[in-house]
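Undergrad: Please find one structure pasted underneath; my questions will follow.
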2 protein chains.
Amino acid sequence: MKKTQITIKDIARELNISPSTVSRALKNHPDISQVTKDLVNKYAKDFHYKPNALALSLRTSKNNTIGVIVPEINNYFFSSVLSGIEQIANQADYNVIVCQSGENYEKEVRDTKALISSRVSGVLASLCKHTTNYDHFQDIIDSDIPLVFFDRICIGIITDRVVVDDYAGAFAAVEYLIQSGCKRIAFYSSPFHLEISKNRKNGYLDALRKYGLMVDESLIRVCDTREEAIMITPEILDRPDRPDGFFAINDHCAAGIMYAVKSAKLKVPDDIAIFGFSDGELAKACDPMLSTVEQHGFEMGKNAATLLLDKIDGITHGQYTNKIVKTNLIIRGSTK
Amino acid sequence: MKKTQITIKDIARELNISPSTVSRALKNHPDISQVTKDLVNKYAKDFHYKPNALALSLRTSKNNTIGVIVPEINNYFFSSVLSGIEQIANQADYNVIVCQSGENYEKEVRDTKALISSRVSGVLASLCKHTTNYDHFQDIIDSDIPLVFFDRICIGIITDRVVVDDYAGAFAAVEYLIQSGCKRIAFYSSPFHLEISKNRKNGYLDALRKYGLMVDESLIRVCDTREEAIMITPEILDRPDRPDGFFAINDHCAAGIMYAVKSAKLKVPDDIAIFGFSDGELAKACDPMLSTVEQHGFEMGKNAATLLLDKIDGITHGQYTNKIVKTNLIIRGSTK
């Protein structure tokens, strides 16, 4: 004969804390204090709380697996995010299925279908560069599978989201360039329909405006890979009114700019300062090392996975969070 | 009423080609010629071959998922391998579950247990640096789950394996350093119990011997990260008999050596030449760019996944393959 099981909500009510705190305390989440963890665990033990039985009943007919769709696995930022997701998922006894869209819209659509038919418990996704139709993500929601976007988010669909403070990070980077003497700053962006591009561009523009610098549209270009940067930068450096600073949407692109600047026999940072965005091994391998906006991919992954697990566990049913991970500037040799 | 299904073996016998070729032709594998693919697909269509039905019956009670255990996800080489695995698995309608051991033996053991209890169809694994007991991998075999090792393989267990030609790659790199004038070459290695370390060290030693150079054990060090290389290299550069060349077991380590050499006001490659191993974005970000052994992580991933799928499909039952992916030298500015 079975006894009635107590639930996370019972524990929360009894201890006068939120169900989310109880859930995280039971999962030994680092954000929860040891005192709270001890309290929750003692109560859970005394009243024979059975996490797995409950979880199982909530997740009827689903497996303990979360699916992740990333544009590229072998990209330092996305692999850092995956690493953070894997850590949180693993602590909660979830498997992580990884799909890479390869920046290909059709593949992204196939990935969503595959994850739905695999009956994953939830999906974490970052949009491919070329995605402008979001029906396949709506299908996930309509299949009653929780969905969280990270980094390249979709604002047309209501979900939990995790982004870095793209606007503030970009503003701070461009402000740093201005304060260290740059007067003409170019911005290399990902395609403009992406939220990260819009937000970083706004940060860039507002920093210029704050310091009364003119906006030159010809210095704002769609270019987000090393190869493209090596291709388009020489022409810009050849102009009589060439820029004295570059703000690049990622470190790969910044490394390409640095290559082009050095090839043109100009000095970094004396003639031209360069600011990247991401921070990984790549930034430290550049010479001079790259000043960049630290994007905390690992933190982003942990946050996204935590939001998704809370949704799967029904703790945040009907509530949607916009989690913003703070960036900070890493100042190295590529800026004055 | 069901008709009798024809199998891959029937098609193979009928067309006088191997079952493995039939399977790959049906999966549109790049190694198979278009002529063969057309032939196989026509026969399969004419005789109503049903891949999914067959696969399903073979994989009774298993899900269409393969598990991958890697030391680190956010490492360019391993994320390239994952990328290749994902591509092949995706073409064959398999999901990929990714676990990272984080170079932690206990986590690696937990990962193997988790994958077994998730009843994955097969496992691909690369050992953590500190693993010297392999019982948990034997458990996978004993659970009747196909297992393929890649890169950091385990030779104590009979499985399919994919490695790069570590010996030949190391020999060629060190030979290149010698032919371009280096006389005292240091070797930074991963822990010596790993097969990749043994094989690369043998390549290094044999190249020195071929050219009559003395082996100096004090120049052979366990050091495989950027941070360690920055720490231990200054002392070696301070010696009156300092080396004039370094061969590093990976590009991160090589980038650290380059940093230390430049910090000591020595010139790369004139005073000291540096050769890495891997080739990724990191190698091109270094200045001068890094000469390195191209390790073809993406190819390795595709090969490992193909071997595993053949094992899952029962095509190579009882046969074990040692696949060797050829490396090649990429010569850039860090060597003369």
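Undergrad: Looking only at the stretch A:110-140, count every residue that is of a type in the set (Gly, Ala, Ser) and either open to solvent by less than 10 Å² (accessible area, probe 1.4 Å) or within 15 Å of A:PHE150 (Cβ to Cβ) (or both) and tell me the total.
TA: 4
Undergrad: Also, quick follow-up: Whether any residue in the stretch B:111-126 is more than 14 Å from chain A (Cβ to nearest Cβ) and in a loop (DSSP other than H, G, I, E, B) is what I want to check.
TA: Checked against the condition, which is being more than 14 Å from chain A (Cβ to nearest Cβ) and in a loop (DSSP other than H, G, I, E, B), the stretch B:111-126 yields at least one hit.
Undergrad: If you don't mind, another one. Assess whether A:VAL222 counts as being within 14 Å of chain B (Cβ to nearest Cβ) and either open to solvent by 10 Å² or more (accessible area, probe 1.4 Å) or in contact with a helix residue (DSSP H, G or I) (Cβ under 9 Å, 6 or more places away or on another chain) (or both). Spell out how you get there, then give the answer.
TA: On the way: within 14 Å of chain B (Cβ to nearest Cβ): no; either open to solvent by 10 Å² or more (accessible area, probe 1.4 Å) or in contact with a helix residue (DSSP H, G or I) (Cβ under 9 Å, 6 or more places away or on another chain) (or both): yes.
Considered against the rule, which asks whether it is within 14 Å of chain B (Cβ to nearest Cβ) and either open to solvent by 10 Å² or more (accessible area, probe 1.4 Å) or in contact with a helix residue (DSSP H, G or I) (Cβ under 9 Å, 6 or more places away or on another chain) (or both), A:VAL222 comes out as no.
Undergrad: May I pose another question? Go through the stretch B:65-86 and give me each residue that's more than 8 Å from every other protein chain (Cβ to nearest Cβ) and not small (Gly, Ala, Ser).
TA: The answer is B:ILE66, B:VAL68, B:ILE69, B:VAL70, B:PRO71, B:PHE77, B:PHE78, B:VAL81, B:ILE85.
Undergrad: Quick one: count up the residues across the stretch B:105-141 that are among the β-branched types (Val, Ile, Thr) and over 30 Å from B:SER189 (Cβ atoms).
TA: Total satisfying the criteria: 2.
Undergrad: I'd like the residue in the stretch A:232-249 that is farther than 20 Å from A:SER197 by Cα and under 30 Å from the mean Cα position of the chain (by Cα) and, out of all such residues, is surrounded by the most Cβ atoms within 10 Å (Cβ to Cβ).
TA: A:PRO243
Undergrad: Out of the helices (runs of 4 or more DSSP H) lying entirely within the stretch A:166-249, which hold 3 or more residues that are closer than 20 Å to A:VAL325 by Cβ?
TA: A:166-179, A:195-210
Undergrad: For a quick check of your reading of the model, give me the residue pairs whose first member lies in the stretch B:3-31 and is part of a helix (DSSP H, G or I), whose second is acidic (Asp, Glu) and modelled with pLDDT of 85 or more, with beta-carbon atoms closer than 7 Å and at least 6 apart or on different chains.
TA: From the stretch B:3-31, the pairs are B:SER20/B:ASP310; B:SER23/B:ASP310; B:SER23/B:ASP313.
Undergrad: While we're on this one: Is it the case that some residue within the stretch A:260-281 is in contact (Cβ under 8 Å) with a residue 40 or more places away in the chain, assigned to a helix (DSSP H, G or I) and either in the same structural domain as A:ASP160 (by TED's automatic domain parsing) or surrounded by 21 or more Cβ atoms within 10 Å (Cβ to Cβ) (or both)?
TA: No: zero hits.
Undergrad: May I ask you to list pairs of residues, at least six apart or on different chains, whose Cβ atoms are under 7 Å apart, with the first in the stretch B:319-334 being under 19 Å from B:GLU175 (Cβ atoms) and open to solvent by less than 50 Å² (accessible area, probe 1.4 Å) and the second being part of a loop (DSSP other than H, G, I, E, B) and of a type in the set (Val, Ile, Thr)?
TA: Between residues of the stretch B:319-334 that are under 19 Å from B:GLU175 (Cβ atoms) and open to solvent by less than 50 Å² (accessible area, probe 1.4 Å) and residues that are part of a loop (DSSP other than H, G, I, E, B) and of a type in the set (Val, Ile, Thr), the close pairs are B:SER334/B:VAL268.
Undergrad: Could you tell me which residue of the stretch A:175-192 is nearest to the chain's Cα centre (by Cα), considering only residues that are of a type in the set (Gly, Ala, Ser) and open to solvent by 10 Å² or more (accessible area, probe 1.4 Å)?
TA: It comes out as A:SER180.
Undergrad: Further question: Would the stretch A:90-98 turn up any residue that is facing chain B (nearest Cβ under 7 Å), more than 13 Å from A:THR306 (Cα to Cα) and assigned to a helix (DSSP H, G or I)?
TA: So far as the stretch A:90-98 goes, no, none of its residues is facing chain B (nearest Cβ under 7 Å), more than 13 Å from A:THR306 (Cα to Cα) and assigned to a helix (DSSP H, G or I).
Undergrad: Under the condition of being basic (Lys, Arg) and within 21 Å of the chain's Cα centre (by Cα), which residue from the stretch A:105-147 is modelled with the lowest pLDDT? Walk me through how you get there before you give the answer.
TA: Applying the first criterion (basic (Lys, Arg)) to the stretch A:105-147 yields A:107, A:110, A:113, A:119, A:129.
Narrowing further to those that are within 21 Å of the chain's Cα centre (by Cα): A:107, A:129.
Working: A:LYS107: 92, A:LYS129: 89.
The extreme case among them is A:LYS129.
The values are calculated or read from the model by the stated rules, or taken from the named source; none is laboratory data. All figures in this text were calculated on a predicted structure; none of them were measured in a lab. Don't worry about glycine lacking a Cβ; one is built from the backbone with ideal geometry, like all the others, and counts go over all protein chains shown. Note: areas computed on protein heavy atoms with side chains; ligands, DNA, RNA excluded. Shrake-Rupley method; radii C 1.70, N 1.55, O 1.52, S 1.80 Å.
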